[in-house]
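Each value in this text was obtained by applying a stated rule to the coordinates, not by laboratory testing. Keep in mind it's a predicted model, so treat the numbers as computed, not measured. Backbone-built Cβ (ideal geometry, glycine too); neighbour counts: all protein chains shown.
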Amino acid sequence: MRYRKERKSLELRQLLYVVQIAVEKNFSRAAEKLHIAQPSLSQQIAKLEKELGILLFQRNTSSVDLTYAGSIFAERAQKILDMVSQLQSEMDDISQMRKGRLMIGSLPITGAHIWPKVLPVFQHRYPDIEIVLVEETTSVLEQLTASGQTDVSLLTLPLQEKSLEYIPLVEEEVYLAVPPKHPLAAQTEGISLSSFASEPFILLKKGQGFRHTSIQLCEDAGFTPQIVFESSNIETVQSLVAAGMGVAFVPQMVARAGWSEHAPAYLTIKEPYTPYRTIVISHKRDRYVTKATEAFIRTMLEIMRPKAKSTNIAPVVDR
């Protein structure tokens, strides 16, 4: 008679360890984020691999890479941890606990213009709910939101991640910023974007949603932009434009006019159309929305859309 060896049950902390290492690709950084000693983390992973009878990570001198089995384990572990988090949130709501934590994804520069208006009000209303801001690029934020690692995120349309739904928050005009000494800098009437086809353009780096918007605007005007500089920060882009290095698209909210001596001139675009950027608050479709999250979204809508007839938080779903 053959006896089957009893396999030990996986623990949630083991799932968390694997997911954190997969994100950091480094044991030391993962241990720091997990608030445990690096040798202890290494021992825990080695023990887990021995119990599973399979290698999860390929250790290299400079980094740690997931094996095929490790990538499957990490993906499933993240889903399990997200389900546990949602279950805890539901139980917290049922027990009417007022304490909690909200993970809010944010575009750094856009958030700098919105959060000072929203967060003080929310904190005053709900002083026992902790807000943790996660500032990342558009592409990273969409991934974090889709995996449930943020409760909601401040993003801009169009969204690339199909598992997300959103609520429109603000619609703002997009200008063409030109150097102060540009021949058309004093133009008060709307300009035709096609007349700037030969101009050098300064764009945000890949991974930024507004980069895609900028390229699309040029293509809609019938040309491909000549990109001479790229930056991860729209403030740097404006400084380079002001210094005469090129032209760039800038959303109305972050335009510098009136407060900086190093401001470019901002032109209204009329042809082929006047462009607008839509800022949205987004979360994962079918994810449990806690009462704290609902309260946060309602607060945002009250402040950012004060003229709206209602603060309906029914989301929009792109199919």
Global geometry of the range 64-222, whether rounded, prolate or oblate, following the gyration tensor of its Cα atoms and the 1.5 cut on a/c: oblate
Cβ charges +1 (Lys, Arg) and -1 (Asp, Glu), total dipole of the chain, debye: 1160 debye
Given charges at Cβ of Lys, Arg, Asp, Glu: the chain dipole, positive-most of Gly111, Tyr276, Val84: Val84
Ranking of His35, His262 by count of other Cβ atoms within 10 Å, fewest first: His35, His262
Antiparallel bridges, percent of DSSP beta bridges restricted to the chain (to nearest 5): 60 percent
Structure-derived Rg/Rh (Cα atoms, Kirkwood Rh): which label, when the choices are (i) 1.06; (ii) 0.93; (iii) 0.97: (i)
Other-chain or far-sequence residues with amide H under 5 Å of Arg256's (modelled H): none
Links that overshoot a 30 Å alpha carbon limit, given the list Lys79/Lys117; Lys25/Lys79; Lys117/Lys291; Lys50/Lys291: Lys79/Lys117; Lys50/Lys291
Tyr276 long-range amide H proximity, modeled H, under 5 Å: Val174
Set of aspartates and glutamates near Lys205 by C-alpha distance (under 15 Å), chain-local residues within fewer than 8 positions excluded: Glu136, Glu230, Glu235
Dipole in debye (nearest 20) - the range 171-277, about Cα centre, beta carbon charges: Lys, Arg +1; Asp, Glu -1: 240 debye
Share, in percent, of DSSP beta bridges within the range 171-277 that are antiparallel, nearest 5: 55 percent
Longest site-free stretch - the chain; sites: GluC sites (Glu not before Pro), DSSP loop, at most 11 other Cβ within 10 Å: 12-188
Placed amide H near Thr156: partners under 5 Å, 5+ positions off or other chain: Val280
Expected 222 nm ellipticity per residue - DSSP helices of 4 or more, -39500 (n - 2.57), all of the chain, to 500: -12500 deg cm²/dmol
J(HN,Hα) series, the range 287-298, from Karplus relation 6.51 cos²θ - 1.76 cosθ + 1.60, nearest Hz, glycine and proline x: 7, 4, 9, 6, 5, 5, 5, 4, 5, 5, 5, 4
Fewest-first sequence of Phe223, Phe296, Phe122 by Cβ atoms within 10 Å of each Cβ: Phe223, Phe122, Phe296
Unit charges at the beta carbon, dipole of the chain: most positive-side option, Ile21, Ser153, Ala242: Ile21
For the range 110-229, size of Cβ-based charge dipole, Lys and Arg +1, Asp and Glu -1, in debye: 320 debye
Likely footprinting exposure, His182, His113, His124, fewest C-beta neighbours within 10 Å first: His124, His113, His182
In Hz, Karplus ³J(HN,Hα) per residue of the range 53-62 (6.51, -1.76, 1.60; θ = phi - 60°; x = Gly, Pro): x, 8, 8, 9, 10, 9, 7, 10, 5, 10
